[in-house]
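Q: Please find one structure pasted underneath; my questions will follow.
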Amino acid sequence: MRRMAKDRTILILGCLAAVLLLATGGLWLSRGEADAFAPCRKGLEAGGLDGLGAPFTLTDQNGARVTDRQVLAGPALLYFGYTYCPDVCPMDSARNAEAVAILDQRGMRLTPVFITVDPKRDTPEVLRDFTGAMHERMIGLTGSPAEIDAVAKAWRNYYRLNDQEDPENYLVDHMTNSYLVMPGAGTVGVFDRELSAPELAERAACFIDAASIAGI
């Protein structure tokens, strides 16, 4: 009886040790994966990006319904704006397009994505003219007001239409961040508009390299 009790104790302790090993090993692996982009963050806390983004279905500049899996199949640079914007949106979109062109020269493919926050005026045709003037690979996305509201909230991007006085000619308040999204990793970087195109390209290249090295 004593031998059976001893054997049972050893078995239980062995199981507990195995569970502990798996738990700590899994924790180490998860930390290692989370740290893959640490050298690229420039002080940006990884935890602050948790939960950014969500699945979506929107309409592209060609009138096709597309999902996040299609749009974000490779590294992508997301920007929320509107084509009637008098200055900020065209400047930021041109900066993003230039950064993408710089990465093209380095053999790194990054897709610029422009998501409108003004779906009433930004039809697929309007978006096609806008994105075509920026970069040949830029994807323009629109949708119903509810769809745009949902995707903007998913990336915590605030916007407000000031169309109370004039429903045709109005401005839209919105945030001007650009979001770097990587397949298998989600949103890994948020860039403000103060970065130049070369600086943005360099920051994005760091993330793309890190993902390649980590096998993400």
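No value in this document is a laboratory result; all are computed from the given coordinates. Because the structure is predicted, anything quoted here is derived from the model rather than measured. Positions of Cβ are generated from backbone atoms using ideal geometry, with glycine treated the same way; all protein chains shown enter the neighbour counts.
Q: Kindly provide the GluC sites (Glu not before Pro) of region 93-140 that DSSP labels as loop, not H, G, I, E or B, and whose Cβ sees at most 15 other Cβ atoms within 10 Å.
A: On the way: sites: GLU98, GLU125, GLU136; in loops: GLU136.
Sites meeting the loop and neighbour criteria: GLU136.
Q: Amide H neighbours of VAL190 under 5 Å, counting only residues 5+ apart in sequence or on other chains, H built in-plane at 1.01 Å?
A: Answer set, sorted by chain and number: LEU180.
Q: Between region 80-115 and region 160-216, what is the separation of their alpha carbon centroids in Å?
A: 9 Å
Q: Listing ASP163, ASP122, ASP129, ASP92 from the residue with the fewest other Cβ atoms within 10 Å to the one with the most, what is the order? Before the final figure, lay out the partial values.
A: On the way: ASP163 15, ASP122 24, ASP129 11, ASP92 21.
Result, fewest neighbours first: ASP129, ASP163, ASP92, ASP122.
Q: What share of Cα pairs, in percent, lie more than 20 angstrom apart in region 46-214? Kindly include the intermediate steps, with their values, before the conclusion.
A: On the way: 6803 of 14196 pairs.
Percent of Cα pairs beyond 20 Å in region 46-214: 48.
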